[in-house]
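Working notes, beginning with the structure itself.
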Amino acid sequence: MGFFSNQLSNIVEWEQFRDDMIFWKWDNKEIKKGSKLIIRPGQDAIFMFNGKIEGIFKDEGSFDIESQIIPFLSTLKGFKFGFNSGMRAEVLFVNTKELTVKWGTKNAINIPAPNLPGGMPIKSFGTFCCKVDDYNILIDKIAGVKKQFTIEDVKERIMSMLDQTLMRWIVREGKDLFNLQANAYEISKGIQGDLDMEMQKIGIGITSFAISSVSYPKEIQDMATKAASQSMVNDMDKYTKMAMADSIGKGSGGNGSNIAADMASMQMGIMMGQQMANQMAQTQNNNQQQNINQNQNNNQQPVNPQGGGNVAKFCPNCGTPNNAGSNFCPNCGTKLIL
């Protein structure tokens with residue numbers, strides 16, 4: 001049985017397949033007579049001999065290597081299994097699915113902004129998709145020296161050049177802070193092209209690149225929130241009407257009734273504030289009128305007690321006060337009757 005056990009068939013397949021793995025190499029094993037090749041959905045199997053591609057198999061299923069695989073190999077198509085010998089070859093399993101990866105800038109990027117000489121620091125987040133594009137380059141650059149290659153390896157390469165690429169395209173297309181969102185599509189397409197050009201050097205293509213969000217410093221976000229609140233308060237009548245319309249549309253129960261109650265309370269508060277302001281203004285006006293009347297009373301000319309008209313309060317000649325209301329100045333005798 002020990003002699004015949006060497007002739008037992010083996011299975012060539014991607015062991016412990018993972019969705020985040022770009023490729024996995026089956027190697028250092030002898031392919032025996034009667035062996036089977038198993039290709040699962042989303043996989044390609046590449047037979048290699050002495051580091052060169054012998055054949056690529058893309059159809060999923062189970063195949064007899066001797067009768068269904070070897071006849072299609074470039075230099076091994078005439079290989080015959082011996083009674084005691086097998087075939088030594090490497091089989092590279094490649095994940096053909098498009099993989100989606102989340103990315104985020106490592107450091108803040110300063111983009112042009114008004115009144116900020118150093119620029120506005122921002123951080124950006126999004127996703128990109130990639131897949132194997134050229135098997136020959138992949139084997140020559142990566143698979144020849146690695147047993148496996150994961151999406152984390154791809155992400156590491158992308159992140160090493162992403163910040164500079166993102167900055168270049170933001171400045172080129174975004175111009176400044178206010179045009180960044182408007183030109184997000186053009187920026188994304190430009191970044192995708194640059195990253196794809198670099199990753200094609202290892203046989204991997206970048207099929208899409210998307211910017212999901214851009215974050216600003218907390219101080220800027222707080223200022224934007226405050227500005228939005230002030231804008232809403234300045235148009236309180238419009239805000240109240242919109243809120244009331246929304247509450248009516250939602251019905252009398254639930255959140256709609258709460259919003260309606262809040263708006264009613266807000267309106268009542270505004271009306272009370274206006275009434276208080278009116279009362280204060282009326283009180284101030286009354287006080288001002290009383291002061292005017294008092295001043296007028298103080299400035300009235302005294303009446304001559306002996307009859308004959310009003311008398312001056314001060315002598316027009318020497319300026320002596322006429323406290324007694326006399327017809328003549330007690331100092332110089334000038335006539336004081338007006």
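The values are calculated or read from the model by the stated rules, or taken from the named source; none is laboratory data. What you see is a predicted model; the values in this text were computed from it and never measured. Every residue, glycine among them, receives a Cβ derived from its backbone with ideal geometry; neighbour counts consider all protein chains shown. Ligands, DNA and RNA are excluded from the accessible area calculation, which covers all protein heavy atoms including side chains. Shrake-Rupley method; radii C 1.70, N 1.55, O 1.52, S 1.80 Å.
What nm distance separates the two modelled labels at R88 and K131, each placed 7 Å from Cα along Cα→Cβ?
3.6 nm
Just to be sure I understand the model, the point goes 7 Å from the Cα along the line to the Cβ. What's the resulting N10 to E60 distance in nm?
In this crude spin-label approximation the distance works out to 2.6 nm.
On the full set of protein chains, 1.4 Å probe, figure out the accessible area of L180 and give it in Å² to the nearest 10.
Taking all protein chains as shown, L180 has close to 10 Å².
Listed here are the pairs K52/K155; K33/K141; K52/K131; K123/K146; which of them are more than 23 Å apart at the Cα?
Cα-Cα > 23 Å for K52/K155; K33/K141; K123/K146; rest within.
On full extension of the chain, what length is gained from T100 through D140, given 0.36 nm per residue of separation minus the C-alpha to C-alpha distance?
Full extension from T100 to D140 adds 12.0 nm.
Zone of I53 (label point 7 Å along Cα→Cβ, backbone N under 15 Å): which residues in the stretch 60-96?
73-75, 91-96
Could you give me the radius of gyration and the Dmax of the stretch 86-215, taking only the C-alpha atoms into account and expressing both in angstrom?
For the stretch 86-215, the Cα radius of gyration and maximum Cα-Cα distance read 17.6, 74 Å.
If you roll a 1.4 angstrom probe over the protein chains with everything in place, what fraction of the accessible area of the stretch 74-160 belongs to carbon and sulfur, to the nearest %?
Roughly 48 percent, rounded to a whole number.
Quote the accessible area belonging to L73 in square angstrom, nearest 10, computed with a 1.4 Å probe and with ligands, DNA and RNA left uncounted.
For L73, solvent-accessible area is about 0 Å².
Per-residue accessible area for D59 at 1.4 Å probe radius, Å² rounded to 10?
110 Å²
Once you place label points 7 Å from the Cα toward the Cβ at R40 and N327, how far apart are they in nm?
My value for the distance between the label points is 13.2 nm.
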